[in-house]
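What follows is a single structure, written as structure tokens, with notes after it.
The values are calculated or read from the model by the stated rules, or taken from the named source; none is laboratory data. Every value quoted in this text rests on a predicted model; they were computed, and no experiment measured them. Every residue, glycine among them, receives a Cβ derived from its backbone with ideal geometry; neighbour counts consider all protein chains shown.
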Amino acid sequence: MGNPKAFTYIPRKEAGYRPVSERIYDFGEVEQTLNREDRKLQASRCMDCGIPFCHWACPLGNKMPEWQDLIYKGKWKEGVEVLHETNNFPDFTGRICPAPCEKSCVLALHEAPVTIRENEAAVTEVAFLEGMIVPRPPKTRTGKKVAVIGSGPAGLAAAQQLNRKGHLVTVYEKDKYVGGLMRYGIPNFKLNKNVIDRRIAQLEAEGIIFKTNVEVGVTLPGKKIMDNFDAVCIAIGSGHPRDINPKGRELKGIHFAMEYLSQANQLIMGEKVDERKLINAKDKHVVVIGGGDTGSDCVGTAVRQGAATITQIEILPQPPVGKNPATPWPFYPNILKTSSSHLEGCTRKWSLNTNQFTGKNGKVTELIVEEVEWKNENGKFNMVPTGKTETLKADLVFLALGFVHPVHDGLLTELGVSFDNRGNVATDKQSRSSVAKVFATGDAQIGASLVVRAIALGRKVAEDIHAELTTLH
Ligand SMILES: Cc1cc2nc3c(=O)[nH]c(=O)nc-3n(C[C@H](O)[C@H](O)[C@H](O)COP(=O)(O)OP(=O)(O)OC[C@H]3O[C@@H](n4cnc5c(N)ncnc54)[C@H](O)[C@@H]3O)c2cc1C
């Protein structure tokens, strides 16, 4: 460790966001970067505490103290190499990870953890800029072929790991471009798509084959894949959105968040979108139902489209600000999160249940919401209506209520895999589904989660498939 006392006199410094007045007119990334000297100082704040809780909290087991030290010493190449030992895509997680590592950093006890996530993005940017990230194709091939179905972070991590073991990997993707929810869900202002493109270029140069616009189980029978590959990895995500069914749900103008976000991303990428299906928030009163990250992404997108008003409502109570005794350090805290999008102009409300949508000429115009209370009855939280209602103006409503499980129709039904009690693909400890040579990973395996977990599971399934392919039966 370079500077054991740096944290005592160097304060945490975040790069911060571009000014609201500037950023709401474009979809460029909102987060800025520090210069290299400041970045080194920030990395020096890591005190290499005996037990690195940051490492414990990271689903990938990233070795934070090691690469903070390397950044501090200006050894960017070695730093990114250590990062890549555990994380295929630190350029993605450095931008969009909620950073459980920082929540568990010992310095978080004093509310000024090391800027681990930003440091991760920074070291990877230096590495890309200076040509340190190069394709690493396998030296020999095993002769085994693996199909990865789905090109989100789980599928991409699995593909890269398997390819590096020498198996020939083909990734099938139903959409036009690869990347999964990072491409079509997460807006550009959080993750610019060229960050995905340059990684795909690396993966292609390593020998991975990508086949896009192919929906396995629909446009290409799953049987063909089963016949032609030695192992099949299901990485199709958790695409079935959670719905609600109050009176008026059928009115026009009520959309799932992903209809809106994927369309907005498609338009930015220059993809053709059916004009009749265009969803544009310009001059509209927008209500987002669901207080999570997906909802916040709808807020940021509606801001950029010039919405008249934006209200985000959540059925749960407002979490505490700052600290929550129910989720103490080093656990991930359940506290109020304010995203860059929230700072751009939106009203947030909590403890509201949607009782009814009302409308005119078949189009939504209002929501009738009711305040609810949450009562803890023997450890179980029950929702109790209070009778206090409120009417919210709404020309557009986005349902950002999460996802239930992967889409069952098509591929999963054709393959005949079993599901767990939440409807995800059931797997054993070796990521094997109930069907021989079919494995599952990512959100399709554990339910909607995070990019960092998807990458971790992608690496795990690759280990499991490799073990299966190299074991003599
Ligand atoms: C709006 C939104 C914002 C988010 N923001 C964040 C964030 O800021 N940070 C974070 O960590 N996580 C975030 N997440 C969660 C994160 O994106 C997911 O957990 C992660 O992408 C899951 O990875 P995956 O590879 O398992 O699945 P996905 O990313 O969902 O990828 C699955 C892929 O499979 C393809 N596919 C499906 N069926 C087939 C088929 N039959 N044939 C071929 N291809 C198929 C899909 O088109 C898709 O490309 C967000 C999610 C959403 C919806």
Out of the residues in the stretch 279-304 that are among the β-branched types (Val, Ile, Thr) and not in a loop (DSSP other than H, G, I, E, B), state the one that is farthest from LEU399 (Cα to Cα).
VAL303
Go through (1) small (Gly, Ala, Ser); (2) away from the ligand (no atom under 11 Å from the Cβ); (3) touching a Leu at 6+ places or on another chain (Cβ under 9 Å) and name the single condition ALA257 misses.
(2)
So which pairs qualify, if the first residue must be in the stretch 97-113 and under 21 Å from LYS5 (Cβ atoms), the second must be within 16 Å of the ligand (Cβ to nearest atom) and at pLDDT 95 or above, the Cβ gap must be under 7 Å, and the two must be at least 6 apart or on different chains?
GLU102/ILE116; GLU102/ARG117; CYS105/ILE116; ALA108/GLU102; PRO113/GLU102
Name the residues in the stretch 59-88 that are in contact (Cβ under 8 Å) with a residue 60 or more places away in the chain and crowded, with 24+ Cβ neighbours inside 10 Å, would you?
ASN87, ASN88
Which pairs do you get when a residue that is polar (S, T, N, Q), found in the stretch 163-178, comes within reach of a residue that is within 11 Å of the ligand (Cβ to nearest atom), reach meaning Cβ atoms under 6 angstrom, with the pair 6+ apart or on two chains?
THR170/ALA147
The residue that is surrounded by the fewest Cβ atoms within 10 Å (Cβ to Cβ), considering only those in the stretch 400-421 that are within 12 Å of the ligand (Cβ to nearest atom), among the hydrophobic types (A, V, I, L, M, F, W, C) and more than 22 Å from LYS437 (Cβ to Cβ), is LEU401
Find the residue count for the stretch 240-278, including only residues that are in a loop (DSSP other than H, G, I, E, B) and either modelled with pLDDT of 95 or more or of a type in the set (Val, Ile, Thr) (or both).
12
Checking VAL126 against (1) closer than 17 Å to GLN42 by Cβ; (2) among the aliphatic types (A, V, I, L, M); (3) outside any helix (DSSP H, G or I), which test does it fail?
(3)
Residue check, ALA448 within 11 Å of the ligand (Cβ to nearest atom) and either modelled with pLDDT of 95 or more or more than 24 Å from the chain's Cα centre (by Cα) (or both)
yes
Could you grab the pairs with beta carbons closer than 6 Å, sequence gap of 6+ or different chains, first residue in the stretch 206-221 and within 12 Å of LYS176 (Cβ to Cβ), second one among the hydrophobic types (A, V, I, L, M, F, W, C)?
PHE210/VAL171; PHE210/VAL178; VAL214/LEU220
Would you be able to say whether some residue in the stretch 241-250 is within 16 Å of the chain's Cα centre (by Cα) and surrounded by 14 or more Cβ atoms within 10 Å (Cβ to Cβ)?
yes
Tell me yes or no: at least one residue of the stretch 193-209 is at negative phi, near the ligand (Cβ under 9 Å from one of its atoms) and assigned by TED's automatic domain parsing to the domain that holds ASP428.
no
